[in-house]
Every structure is written in structure tokens, then in C-alpha cells.
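Novice: Quick one: the structure is below, questions incoming.
The values are calculated or read from the model by the stated rules, or taken from the named source; none is laboratory data. What you see is a predicted model; the values in this text were computed from it and never measured. All Cβ positions, glycine included, derive from the backbone under ideal geometry; neighbour counts span all protein chains shown.
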Amino acid sequence: MDDKLSAALDIAGRGFRVFPLRERDKLPAISRFPTRATQDATQIREWWVDPAGLVQPNNIGIATGNGLLVLDIDQKPGKRGADSLDMLLMAYGELPATVEALTPSGGRHLYFRTPRDVANSQGDRGGIAAGIDVRCHHGYVVAPGSVTAAGSYEWAIGRSPKDLPIADAPDWLLSLCEAPRERKETDDTPLVDLDTDDAIRRAERWLAESAPIAIEGEGGDVTTYRVAARLKDFGISPPLAFEMLANQWNDRCRPPWQPDELMRKVDNAYAYGTSPPGVRTPQADFGPADYEPPPPAPKPYFTAEAFTGEPPERRWIVEDWIPAGTVTSIYGDGGLGKTLLAQQLIYASSTGRQWLGMDAAPRKCLAVFCEDDRDELHRRHAAIVGGLGYEFADGLANALIWPRVGEDNLLVTFDAAGKPTRTPFLRQLAKAVLDERVELLVLDTVADMFGGNESLRAQVNYFVKTVCGGLIKAAAQRGVELTVIILAHPSLAGMATGTGSSGSTAWNNAVRSRLYLTRPEDGRGDERILSRKKANYAAAGDDTAIRLRWDGGVLRPRDEGDNDWPAPHELAAVASVFGEAWEAGAPLSPHPQTRATGRFAPRVLHQRLGMDATEAARLVDDWLGKGILKYEECDKRSKLKGLRVVKSVDEIFAIVGVAEVAEVAPETSAELPQTEGNTS
């Protein structure tokens, strides 16, 4: 005989009313368990043995009430049932020795006899103490012999029903419990057939769009009761009502109900509600003969013969780079400008202008920036508008900016078992996308919004396909084609290999297009390369690249005919300025705080040579990076440090890519002071 069937029969033989739970779960496998739980061995065998004679591995439930009360001392993380019990014992006295079971999470079930049934309660939500639940009227507990994913339920050593009798509940314990609500005398015969397609559709729509959520401390018990009662009114049976609440509503509650608690709420709503099931249906109002149900929902699949005529043309945000109605990712290391690139994109798309020299389809845009505050976005806005010549009349009202630096920006989290939980911010974001009818959504960055393990394929797929893809699907149901762009940082391995990838390959596989912003190894400090690492729908395929240049706070395409700045004779003049300052014992510095002493290099280059200050600052950074300049001690006595040119003019030309040294004006070259490493 199967161990669980044997355990169920043994428990029933000791005076408990039992019923089946789902395999490896705590949920009832039958409806109306409070009235159907039994000690009858024949019924128990029918539940645990199928018609073919195979024993089913169902877990075991013990129905409480009818004189049985169980204290559930919860010890799961964040609970403090044991501490609460100690406080009760100090205040009221000891509990008598009684039957006790142990749960997989370290909790305890203490069994008591009671002369009167009391109401079920959860912790301090209308209960007796935090972390202590009362199971009695129309309640149940998981019985020893059951196994869940968390582990096994067992009798405590020396505390099983074989070892000692169940003790009477002390008066002080009963005084802390409330009496159960009396069921009202009503006719609960359903007015209509339950669980029809129409009833399910109406109930699902109400749960998704109108149902309130239960919040602890704000009447969560009453809210849950009313939501379950509304499903009853729609003509939904108790088992299906529980399933719908568990799958479509419970995750939004704060905190979510435990499955057994939620089942009790459903049972109470169906047991104590004053209206019969189906009271809020058209059939109940007009009668079956007067009501014509809607046609059945179309099947989600079809035959290939349905493909007739010309297929719809593929739509793009930026042709061959960002397909519309899908998820695209843009990768780039910190500080290279991917956020700037994204802000330029939404400005281009909201106005129907070009992005990096390519046409951008006009769209209503929303960009969520998790790493920049309003002031930084304003500075970037000013650079884009000034550098690219935007006007507010162009349509910038269609570019929505949402700075969220310093806020909780996770859209989804995952527990230890990998179960996802959608966050309040995801619901807030979805509402904004749908209310504003957004067509292009930028999420910056994945690191702030993805609350999972980036190396686990299932969690990555859930974020890209279910969270981002779910936004796209929800918008489509409102008649809006939404495109989502996610910004992310590459891993060290992705940077080393040049793929720009990160974590699981699902980050690449789940998106339709993936772009990578990097700095060319042989280029100047102001240069970038935007390459296409994946392009499912582009005719040219992958590995197409655009060479960009940072110019005045914006990224622009670098034309083939662009000349390197400065010109050859200007390079020598720049080197001469640094050399003269070094020889004079007042070396130039890259640090802005040296402005007061007249040694700040960009300002000096602007004053002496008329260079743009931004260009000069970039040149200093570039020359430091390329080893043309070194920052070192100039005067040992004063410890003064500054910038020294350590390359000859010819070497500078070679490093920056200027081949024709002969173009240098002789008088300029002759003026270059002789320093170590400089032989001209």
C-alpha cells in the first residue's frame, strides 16, 4: 500500500477527518473539503486510488473545526511565531502537552480539543499574535506523511497521536480567538451553469481591470472576501475561483496570501455570501431563453491556408537597425554615451528627424532613465537641442522623460525557487505606457530593472519576453504598436571578445536586434563605433557599423572625408604650448581647479591658439590616453606636477594618424622646445 494512503488511513483511524491535497502541494484536491473530509476508509481509498487501481501520491489534509483547533507556529524567514508564542506563555501561562507536528520550514502545529469552534485567523491580521495562525472552523492543516518542495511534514518525536492524547485548549487561548461568523440561511443553488466561457471571460476582465488588491493593515481580509464573492456572483465555481485568484490576482496583493489562506477566503465567500452563484450574469437577469451568449473565442492557431494576399510590410523605427513592435537592446560600457544615444533617438523619433544620419519613424516616446537625474537630463537635452537644431515646434512634446535615479526601479524579482513577482513599478510603468499610448519605450538600464540572475536563461527570457513583450502585447490590444529598447552594460568577457554580450545567451537570443556601442582601439578619444551584433530582419545582416564622433555634447556620424584635428602645423603649436609651460616651471594641468593659477590646459589652449574649450579638453584626454602627454612632477622642491610632452613631432603625427610631416610649417616646428623624448 502507498505510504500516503497508509498515513491517511492511520490518521483517520485516530479520529481525524482527512481529505486529499494536490501532489507535493498544500492545496486541496477536492472542493468543499470542510464538509467532505471524512474518517471513512472506503471514501479515503476512493480518493487515493484511481479507477485503474493505481494509488495516487496526493498529500493529506486534516480538516479542523468540529472540536479540533490547531495552532500554526510559523518560523519561515521574516516570521516570528516562536517569539510570539513565548510572549503569550509569559503573559498567560503554559500550554498543556499535546499532539504536535513539525513543518518543513521549522514551524510547529499544536493540536487541541475545543468545546466550541473559533474563527480561523492569520498572524496579527485579525489573529492572536504575529507568526501564529489559528486553524479551526472550516480550516485545515497539512498532515504528517505529506511532502512538498520544501520537505516533509512529520510528527514530533514523542508527540504523535500514538504517544499522547490531544489536550484541551486552555481558556486563555480560546479567549483570544474570535467566534466564527454564522452562515446566513440562503439558497445557494446556482442560478446558471457555472464556469461557462462567457462567465470566465467576464471574471478575468474584472480581475485584470477593476478588482481591488488586498493590502495588509488596510482591510485586506475584507477585500479578499469581496473579490472572491464577486467571482461567485459571476458564476464561477469555488475551485476555479481559487485558481483564478491564485494565478491572476494574488501576486499583486501586499503581501500575497498563502495558498491555504486564500482557499479559506474563497470557501468563506461561497459559504457565507447572501447571493447564490451567478447572480451577476445576463442569464440570471433575462433567463436562458432570452440570453444569447457571445460566440466562442477564436482558436489561437490556424492553417497555413489563411496566408492569402500580400504580407504586411515590415515596419521600422530605424530601418535595418531597430524593428518596430519588438525588443531591441543597446549595449555599451559606462561613460561611452549609450544613454545620450538613446535620448537622441527619442528626440529624433518624436520629431520624425534623423538619428545618426538615418531616418527615424515618428513615434510617441517615453524614456525611463534610472541613472540620471532631472538636471543631468536637462544638460544633455540642451546639448542635443543646441547641437542638432531642434525646436519645440518640431514635436518634442511627444518625447516623454521619466528620471528615476535613487528609486526602486525593479520591474520583476525572483525568489529562491525562481518564481517571478511583478513589482508595483511595473504596473505603474504599464499604466503610463497604455494611458499615454507610447509607441517607443526606452528602459535605461537593465541592471536597475531586472531583479534576477542574468546568467539564468529562464529568468532572462521572462524579463525580455514576458515583461517587455507583455508591454508590447498589452499596447497591441489597445491598437498601439509598441517598440521597447533596453540599455545594458556588457560583461568583461563580452568587452574582451568584442561581442558586447553579458550573462546568458538569452539576452542575445530573446531580442530581435542588438546594438553595441564601443570605442575604437585605433581611434581618438572622441570617437565611437555603433555596431549591429544581431539583426534578424536586416537585409545586410550582422556586424554592420557606424563610426561616430562626440561633438559638442552629441554623437554624430563621422564622414569619410573628416580630417583629424588639429592640422599638422597646429599639432606642433599645441605641443609647443605644453613645452614652453614645462620649461618655464609652470606646467599646464588637466585639473579644473588650476584655473585660478592660469595652468588649466584647455583654457590656456583656448587663449593661446583660439581652440574651442571643449575640443581642447578632448585633445588633452586623448593625448594622455595615447601617451603623448604625461602628468608628472616638474619641480622636486615645490612638488609641482603638470603635463609634459614626451613624444617628438614625428611621433605625434604617427600616433594621431597624420602621415605627411612635410606639411608642418618649418618655423612652427623649430619653435618646439627640446624635452626628453623630443628630438625635433
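Residue by residue, here is whether (1) in contact with an Asp or Glu (Cβ under 7 Å, 6 or more places away or on another chain); (2) outside the structural domain of residue 93 (by TED's automatic domain parsing); (3) not hydroxyl-bearing (Ser, Thr, Tyr) holds:
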| site | (1), (2), (3) |
| --- | --- |
| 135 | yes, no, yes |
| 138 | yes, no, yes |
| 142 | no, no, yes |
| 148 | yes, no, no |
| 162 | no, no, yes |
| 169 | no, no, yes |
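Novice: Let me ask something else. For the structure I just gave you, tell me whether residue 388 is out of contact with any Cys (no Cβ under 9 Å at 6 or more places or on another chain) and in the same structural domain as residue 459 (by TED's automatic domain parsing). Break it down stepwise before answering.
Specialist: Details: out of contact with any Cys (no Cβ under 9 Å at 6 or more places or on another chain): yes; in the same structural domain as residue 459 (by TED's automatic domain parsing): yes.
When the stated conditions are applied, residue 388 passes them.
Matching residues to (1) in a helix (DSSP H, G or I); (2) loosely packed, with under 14 Cβ neighbours inside 10 Å; (3) without any contact (Cβ under 8 Å) to a residue 40 or more places away in the chain; (4) of a type in the set (Phe, Trp, Tyr):
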| site | (1), (2), (3), (4) |
| --- | --- |
| 408 | no, yes, yes, no |
| 425 | yes, no, yes, yes |
| 428 | yes, yes, yes, no |
| 434 | yes, no, no, no |
| 454 | no, no, no, no |
| 462 | yes, no, no, yes |
| 465 | yes, no, no, no |
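Novice: Kindly provide the set of residues from region 211-237 that are outside any helix (DSSP H, G or I), under 28 Å from the mean Cα position of the chain (by Cα) and at pLDDT 85 or above, ordered by number.
Specialist: Passing the criteria: 211, 212, 213, 214, 215.
Novice: Right, another one. Test of understanding: among 417, 393, which residue is assigned to a loop (DSSP other than H, G, I, E, B), at pLDDT below 90 and surrounded by fewer than 14 Cβ atoms within 10 Å (Cβ to Cβ)?
Specialist: Details: 393 fails: assigned to a loop (DSSP other than H, G, I, E, B).
Among 417, 393, only 417 is assigned to a loop (DSSP other than H, G, I, E, B), at pLDDT below 90 and surrounded by fewer than 14 Cβ atoms within 10 Å (Cβ to Cβ).
Novice: Also, I was wondering about something else. Take residue 469 and decide whether it is modelled with pLDDT under 85 and of a type outside the set (S, T, N, Q). Reasoning before the result, please.
Specialist: Details: modelled with pLDDT under 85: no; of a type outside the set (S, T, N, Q): yes.
So residue 469 does not fit the description; no.
Novice: Next question. Of these, 336, 345, which one is out of contact with any Lys or Arg (no Cβ under 7 Å at 6 or more places or on another chain) and surrounded by 16 or more Cβ atoms within 10 Å (Cβ to Cβ)? So that I can check it myself, show each step before the final result.
Specialist: Working: 336 fails: out of contact with any Lys or Arg (no Cβ under 7 Å at 6 or more places or on another chain).
Sole residue among the options that is out of contact with any Lys or Arg (no Cβ under 7 Å at 6 or more places or on another chain) and surrounded by 16 or more Cβ atoms within 10 Å (Cβ to Cβ): 345.
Novice: In addition: Confirm whether residue 310 is in a loop (DSSP other than H, G, I, E, B), at pLDDT 75 or above and not assigned by TED's automatic domain parsing to the domain that holds residue 439. If you could, list the steps in order and put the result at the bottom.
Specialist: On the way: in a loop (DSSP other than H, G, I, E, B): yes; at pLDDT 75 or above: yes; not assigned by TED's automatic domain parsing to the domain that holds residue 439: yes.
Judged against the criteria, residue 310 is a match.
Novice: For region 92-113, which residues satisfy the criterion of being free of Cβ contacts under 8 Å to residues at least 60 places away in the same chain, within 16 Å of residue 169 (Cβ to Cβ) and part of a loop (DSSP other than H, G, I, E, B)?
Specialist: The answer is 94, and nothing else.
Novice: Restricting to region 359-390, name every residue that is closer than 26 Å to residue 551 by Cβ, in a strand (DSSP E or B) and hydrophobic (A, V, I, L, M, F, W, C).
Specialist: Across region 359-390, the qualifying residues are 360, 365, 367, 369.
Novice: Exactly one condition in (1) in a loop (DSSP other than H, G, I, E, B); (2) modelled with pLDDT of 85 or more is not met by residue 484; state its number.
Specialist: So residue 484 meets the others, but not (1).
Novice: Just the residues that are in a loop (DSSP other than H, G, I, E, B) and either small (Gly, Ala, Ser) or over 41 Å from the mean Cα position of the chain (by Cα) (or both), please, taken from region 71-91.
Specialist: Passing the criteria: only 78.
Novice: Name the residues in region 28-70 that are among the aliphatic types (A, V, I, L, M) and surrounded by fewer than 17 Cβ atoms within 10 Å (Cβ to Cβ), would you? Can you show your working first?
Specialist: Looking only at region 28-70, we keep the residues that are among the aliphatic types (A, V, I, L, M), and these are 29-30, 37, 41, 44, 49, 52, 54-55, 60, 62-63, 68-70.
Within region 28-70, 30, 41, 49, 52, 54, 55 meet the criteria.
Novice: Just to check your reading of the model, which residue among 31, 6 is more than 24 Å from residue 114 (Cβ to Cβ) and in contact with a Ser or Thr (Cβ under 9 Å, 6 or more places away or on another chain)? Don't jump to the end; show me each part of the working.
Specialist: Values: 6 fails: in contact with a Ser or Thr (Cβ under 9 Å, 6 or more places away or on another chain).
From the options 31, 6, the qualifying one is 31.
Novice: Collect the residues in region 624-635 that are under 17 Å from residue 582 (Cα atoms) and either touching a His at 6+ places or on another chain (Cβ under 9 Å) or in contact (Cβ under 8 Å) with a residue 24 or more places away in the chain (or both), keeping them in residue-number order.
Specialist: Step one: filter region 624-635 for residues under 17 Å from residue 582 (Cα atoms), giving 624, 627-635.
Passing the criteria: 624, 627, 628, 629, 631, 634, 635.
Novice: Among the residues of region 175-183, is any closer than 24 Å to residue 57 by Cβ, of a type outside the set (Phe, Trp, Tyr) and outside the structural domain of residue 269 (by TED's automatic domain parsing)?
Specialist: Checked region 175-183: no residue is closer than 24 Å to residue 57 by Cβ, of a type outside the set (Phe, Trp, Tyr) and outside the structural domain of residue 269 (by TED's automatic domain parsing).
Novice: Output the number of residues of region 514-539 satisfying the condition of being within 21 Å of residue 463 (Cβ to Cβ) and either at pLDDT below 90 or β-branched (Val, Ile, Thr) (or both).
Specialist: Going through region 514-539 one residue at a time, the tally reaches 3.
Novice: Given the criterion modelled with pLDDT of 90 or more and over 30 Å from residue 319 (Cα atoms), identify the matching residue among 571, 588. Write out each step before concluding.
Specialist: Details: 571 fails: modelled with pLDDT of 90 or more.
Of the residues listed, the single one that is modelled with pLDDT of 90 or more and over 30 Å from residue 319 (Cα atoms) is 588.
Novice: Could you list all residues from region 40-62 that are assigned to a loop (DSSP other than H, G, I, E, B) and polar (S, T, N, Q)? I'd like the intermediate steps shown before the answer.
Specialist: Let us first name the residues in region 40-62 that are assigned to a loop (DSSP other than H, G, I, E, B), namely 40, 50-54, 56-58.
56, 58 - these are the residues of region 40-62 that are assigned to a loop (DSSP other than H, G, I, E, B) and polar (S, T, N, Q).
Novice: Quick one: residue 34 ticks every box in (1) free of Cβ contacts under 8 Å to residues at least 60 places away in the same chain; (2) touching an Asp or Glu at 6+ places or on another chain (Cβ under 8 Å); (3) part of a helix (DSSP H, G or I) bar one, so which box is it?
Specialist: (1)
Novice: What tally of residues in region 454-472 results from selecting those that are within 11 Å of the chain's Cα centre (by Cα) and of a type outside the set (Val, Ile, Thr)?
Specialist: Residues in region 454-472 being within 11 Å of the chain's Cα centre (by Cα) and of a type outside the set (Val, Ile, Thr): 4 in total.
Novice: Out of the residues in region 588-641 meeting the condition of being surrounded by 17 or more Cβ atoms within 10 Å (Cβ to Cβ) and polar (S, T, N, Q), tell me which one is nearest to residue 575 (Cα to Cα).
Specialist: If we take residues in region 588-641 being surrounded by 17 or more Cβ atoms within 10 Å (Cβ to Cβ) and polar (S, T, N, Q), then 589 is nearest to residue 575 (Cα to Cα).
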